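Comments concern the structure below.
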Amino acid sequence: MELKLFIAGCIVFAIAMTMQTFKKNFKTQTSKKLFKNVYSWADTIWTALIIASFIMFFFIQAFKIPSGSMRNTLLEGDHLFVNKCFYGFRIPFKYVGKRYGALKNVERGDIIVFQCPPEALTIDEREHGVKKDFIKRCIAVAGDKVEIINKKLYLNGIFIKEVYAIHGDDSIIQSFELFESDKDYQKAWENGSFTSIPPAFVRDNFGPVVVPEGCYMMMGDNRDFSFDSRFWGPLSDEYVKGKAMLLYWPITRWKFIS
């Protein structure tokens, strides 16, 4: 979106500059007035588009919740503002990669908007170069040992009481022996291989795995109906876009997001 706004702004700017070269052809009072009005609008529009693209890339981005994976914290159709400078800035119009000047690091519990990693895309989406954003909660950072036992989260061997997590399915699917060793399990998870097995195999009983360096484990608050790191693997820091900051629409649900 930011790139499209910037390109649109450049196009309108080019139109405005081209109009200046034909200004002398408008000789009558009526044509001069028409030219002035059209040029004024073009000048305003290109400026607004360039400024909007700058703000959206570096500071604030509007985001609409696309699914129910974050219920009941965030609902389908909720409109948010995402703070894109908390975790640092990227080179303009580069959507993944290293960030600079971070004000804070990603922490456990942060609700984050990120570009969907390739492992979470379908084969068709990858072939067509699809790019889309996800929103999930960071439940573990690099070095953390994560295990889910009968829907309960254990972090570094300690049970974590998650007041925000809900389970829409009361049934518990028992664990399956997927690999011969924890090492094989870890490797398969890091490679995103769990997308090729039935989701039920890791939904309620998962791990243990250790979050790799430079990565996070992301999960939806609506645990039984969230396509998240349990299935497509750890999220690399390069895909992080920003921290959910403010729910502004619908107005009845207005709130700062913590």
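Key figures
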quantity: Using θ = phi - 60° and Karplus 6.51 cos²θ - 1.76 cosθ + 1.60, couplings along region 235-245 (whole Hz; Gly, Pro as x); calculated: 8, 5, 4, 5, 8, 5, 9, x, 9, 4, 10
quantity: The chain: most fluctuating residue of 47, 28, 73 per GNM, C-alpha cutoff 10 Å; calculated: 28
quantity: Amide H partners (placed H, <5 Å) of residue 86, local residues excluded; calculated: 243
quantity: Whether region 101-238 is rounded, prolate or oblate, judged on the alpha carbon gyration tensor where a/c under 1.5 counts as rounded; calculated: rounded
quantity: Neighbour net charge for residue 247 - beta-carbon separation under 9 angstrom, K R +1, D E -1; calculated: +1
quantity: Sites matching GluC sites (Glu not before Pro) across region 171-217 that sit in DSSP coil, with at most 12 neighbouring C-beta atoms within 10 Å; calculated: 177, 180, 213
quantity: For region 61-67, Karplus couplings with θ = phi - 60° (6.51, -1.76, 1.60), whole Hz, Gly/Pro x; calculated: 10, 7, 9, 10, 5, x, 8
quantity: Overall Cα dimensions of the chain, principal axis frame, Å, largest first; calculated: 84, 40, 34
quantity: DSSP loop chymotrypsin sites (Phe, Trp or Tyr not before Pro) with at most 10 other Cβ within 10 Å excluded, longest remaining stretch of the chain; calculated: 23-253
quantity: Most fluctuating residue given options 202, 130, 163, as computed from a GNM of the chain linking Cα atoms under 10 Å; calculated: 163
quantity: Neighbour net charge for residue 115 - beta-carbon separation under 9 angstrom, K R +1, D E -1; calculated: +1
quantity: Least to most buried among 211, 38 (fewest other Cβ within 10 Å first); calculated: 38, 211
quantity: Residue-averaged [θ]222 nm for the chain, counting only DSSP H segments that reach four residues, each worth -39500 (n - 2.57); calculated: -8500 deg cm²/dmol
quantity: Integer Hz, Karplus 6.51/-1.76/1.60 couplings in order for region 135-150, x for Gly and Pro; calculated: 9, 8, 9, 6, 10, 7, 10, 3, x, 6, 9, 10, 8, 10, 10, 6
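All of the numbers you see were taken from the coordinates with simple rules; none came from a lab. Note that the structure is predicted; figures quoted are calculated from it, not measured. Positions of Cβ are generated from backbone atoms using ideal geometry, with glycine treated the same way; all protein chains shown enter the neighbour counts.
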